[in-house]
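Peer 1: Submitted below is the structure of interest, expressed as structure tokens.
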Amino acid sequence: MSESVYKLMEVIGSSPTSWEEAARNAVEKAGIHREDLRVAEVVEFDMKIDNKQIVAYRPKVKISYKYHEIV
């Protein structure tokens, strides 16, 4: 039985409308650059404010992906 190893990356998503959309954007963009994404965890939230208005929701997302060793 082979054992799996996973690497972890941290990204920040952004959306003008919601935390959920921002987190989804982060995972979708990460999926373009990495294969075998496994688990995403939102670990921090912040908002960008301009002129007393929220202009962006920005969750920090940790995403694990399967590590493939090049042989």
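The values are calculated or read from the model by the stated rules, or taken from the named source; none is laboratory data. All figures in this text were calculated on a predicted structure; none of them were measured in a lab. Here the Cβ positions follow ideal geometry from the backbone for every residue, glycine too, while neighbour counts run over all protein chains shown.
Peer 1: Kindly indicate whether any position in segment 23-33 is assigned to a loop (DSSP other than H, G, I, E, B), within 12 Å of the chain's Cα centre (by Cα) and surrounded by 15 or more Cβ atoms within 10 Å (Cβ to Cβ). Working first, answer last.
Peer 2: Taking segment 23-33 first, the residues assigned to a loop (DSSP other than H, G, I, E, B) are none.
Looking through segment 23-33, none of the residues is assigned to a loop (DSSP other than H, G, I, E, B), within 12 Å of the chain's Cα centre (by Cα) and surrounded by 15 or more Cβ atoms within 10 Å (Cβ to Cβ).
Peer 1: What tally of residues in segment 1-27 results from selecting those that are of a type outside the set (S, T, N, Q) and under 13 Å from residue 64 (Cα atoms)? Quick ask: steps written out before the conclusion?
Peer 2: So the first thing to find is which residues in segment 1-27 are of a type outside the set (S, T, N, Q), and the list is 1, 3, 5-13, 16, 19-24, 26-27.
Subsequent filtering for residues that are under 13 Å from residue 64 (Cα atoms) retains 5-11, 26-27.
Within segment 1-27, residues that are of a type outside the set (S, T, N, Q) and under 13 Å from residue 64 (Cα atoms) number 9.
Peer 1: What are the residues in segment 45-57 that are assigned to a strand (DSSP E or B) and out of contact with any helix residue (DSSP H, G or I) (no Cβ under 6 Å at 6 or more places or on another chain), if any?
Peer 2: Across segment 45-57, the qualifying residues are 45, 46, 47, 48, 49, 50, 53, 54, 55, 56.
Peer 1: Going through 61, 42 one at a time, which residue ends up being touching a residue at least 40 places away in the same chain (Cβ under 8 Å) and either in a helix (DSSP H, G or I) or not small (Gly, Ala, Ser) (or both)?
Peer 2: Going through 61, 42 in turn, the sole match is 61.
Peer 1: Working only within segment 34-71, note down all residues that are of a type in the set (Asp, Glu), over 10 Å from the mean Cα position of the chain (by Cα), within 18 Å of residue 10 (Cβ to Cβ) and at pLDDT 95 or above.
Peer 2: Scanning segment 34-71 gives 44, 46.
Peer 1: Between a residue in segment 19-30 that is within 9 Å of residue 59 (Cβ to Cβ) and any residue that is crowded, with 16+ Cβ neighbours inside 10 Å and among the basic types (Lys, Arg), which pairs come within a Cβ distance under 8 Å, given they are 6 or more apart or on different chains?
Peer 2: From segment 19-30, the pairs are 22/58.
Peer 1: Out of everything in segment 1-13 that is assigned to a loop (DSSP other than H, G, I, E, B) and surrounded by fewer than 15 Cβ atoms within 10 Å (Cβ to Cβ), what residue ends up being modelled with the highest pLDDT?
Peer 2: Here the answer is 5.
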